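Reviewing the structure listed below.
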Amino acid sequence: MKKIIFVVLALLIAASAFGVGQKDGSVYTLRSSTNLAAVGTVGKGLTKFVELINEKSGGRIKATANYGAEMGSQAEQVEMARSGALEMVVAAPGTGPGTWVPELMMFEFPYLFKDNEHYRRVLKGLESEVSARVKPFGFTATAGQSQGARHMLTVRPVAKLEDIKGMKMRGPNAIYVSMFNYLGAAGTTMDWNEIYTAMQTKIIDGMEASPSMINSMKFQDIAKNLTITNHIIACVYYFFNDKWLAGLPADLQKIVLDCAAEAAVYQGKIDDEDQDASFKAMVSQGVAVHNLSDAPAWVQACSPMLNEFRARGENWNSFIDKMLAIK
């Protein structure tokens, strides 16, 4: 029933904006959304983007933003952007348009990137490739943003590989589930906004994310063990409804893309600062930090995964090759 209601509402909203952000006089509407919290760095970056659009378009575009679960789950928000009920969604590529282009999950692959600066070069270098792959499904991708190196937050301590055996761990897509299974845990997926209750009610034993993301949702209130694993770096892109973007006058298209790029630079700066501040905040709130005594064993346990995902087909192989070519 919930799904039916959502679809009906999305269609009604799309119908009210016939023509996908149709021009009303000289004003275009840009409704954007993210499933992440407004207080996180991606949320703050989106707020910056909206402010820039409203300022630099001189009122010709009226931009607004929604955060968290205000517009439904990430999957629902992506579908709304595809249908035209939103003009832009901020989403992780693998769990957003990855519904149709699953190889985009490679952006969140364990132990593949050297560091955050390398990761950001990959995001920028693959922007046109991502756009080309999502265009058949109605999107243009831009403004890739790193969310920082991820660690594991658990209800009981994890300091070595055997400690995670059998633990029920949340991950956002199939790559995370596969990683947890290779590590000996039991991986499961659920929406970002369901994690707090799932840990609180012991449906899961832990989750993983960057310090900034964990702190933005206060997950440390119910799980007091943070293991420094640096296993994955995750990201988001801005996914615009392609028809809406292409329907703008050329000067407004440039303003939208320039503002998205500026917002991404802003998010990168505040994310670096917030990762450190969030880590310190969690420690001050009683979170115990554990460093792995056997870090190479974790890398080795996940090493068969790359061949497993290459075996999924040429779309995967070609994307992996392009990704690995960026140093």
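The values are calculated or read from the model by the stated rules, or taken from the named source; none is laboratory data. Since the structure is predicted, the reported quantities are computational estimates derived from the model, not experimental observations. Positions of Cβ are backbone-derived with ideal geometry, glycine not excepted, and every protein chain shown enters the neighbour counts. Each accessible area value is taken on the protein alone, full model and side chains, heavy atoms only, with ligands, DNA and RNA left out. Shrake-Rupley method; radii C 1.70, N 1.55, O 1.52, S 1.80 Å.
Side notes on the structure shown:
- All positions within the stretch 32-43 that are surrounded by fewer than 20 Cβ atoms within 10 Å (Cβ to Cβ) and either within 17 Å of Glu87 (Cβ to Cβ) or in contact with a helix residue (DSSP H, G or I) (Cβ under 6 Å, 6 or more places away or on another chain) (or both): Val39
- Inter-residue pairs, beta-carbon under 6 Å, first among the β-branched types (Val, Ile, Thr) and in the stretch 77-104, second assigned to a loop (DSSP other than H, G, I, E, B), 6+ apart: Val78/Gly96; Thr95/Pro172; Thr95/Asn173
- Counted residues, the stretch 293-311 - those being more than 21 Å from Asp163 (Cβ to Cβ) and open to solvent by less than 40 Å² (accessible area, probe 1.4 Å): 1
- The set of residues in the stretch 116-130 being open to solvent by 20 Å² or more (accessible area, probe 1.4 Å) and either within 18 Å of Val90 (Cβ to Cβ) or touching a residue at least 24 places away in the same chain (Cβ under 8 Å) (or both) consists of Asn116, Arg120, Arg121, Lys124, Gly125, Glu127, Glu129.
- Residue in the stretch 242-258 that is buried (at least 21 other Cβ atoms within 10 Å of the Cβ) and within 18 Å of the chain's Cα centre (by Cα) present: no
- Selection status of Met190, among the hydrophobic types (A, V, I, L, M, F, W, C), out of contact with any His (no Cβ under 6 Å at 6 or more places or on another chain), buried (at least 24 other Cβ atoms within 10 Å of the Cβ) and within 30 Å of Gly84 (Cβ to Cβ): no
- Within the set Leu52, Leu86, Leu36, the sole residue that is of a type in the set (A, V, I, L, M, F, W, C) and touching a Cys at 6+ places or on another chain (Cβ under 6 Å) turns out to be Leu52.
- Within the stretch 259-315, the set of residues being among the β-branched types (Val, Ile, Thr), in a helix (DSSP H, G or I) and more than 20 Å from the chain's Cα centre (by Cα) comprises Val283, Val299.
- In the stretch 1-31, the residue that is farthest from Ala281 (Cα to Cα) out of those that are at pLDDT 90 or above and buried (at least 16 other Cβ atoms within 10 Å of the Cβ) is Tyr28.
- Within the stretch 269-297, residues that are acidic (Asp, Glu) reach partners that are open to solvent by 40 Å² or more (accessible area, probe 1.4 Å) with beta carbons closer than 7 Å, at six or more positions or on different chains, in the pairs Asp294/Lys160.
- Check on Phe180, touching a strand residue (DSSP E or B) at 6+ places or on another chain (Cβ under 8 Å), more than 30 Å from Ala132 (Cβ to Cβ) and not basic (Lys, Arg): yes
- Per-region count, the stretch 291-308, residues in contact with a Leu (Cβ under 9 Å, 6 or more places away or on another chain) and either over 20 Å from Ile228 (Cβ atoms) or acidic (Asp, Glu) (or both): 2
- Residues in the stretch 216-237 that are under 17 Å from Ile203 (Cβ atoms) and out of contact with any strand residue (DSSP E or B) (no Cβ under 9 Å at 6 or more places or on another chain) were compared, and the one that is least open to solvent (accessible area, probe 1.4 Å) is Ile222.
- All strands (runs of 3 or more DSSP E) inside the stretch 132-193 with 3 or more residues being under 14 Å from the mean Cα position of the chain (by Cα), among the aromatic types (Phe, Trp, Tyr) and under 16 Å from Pro110 (Cβ atoms): none
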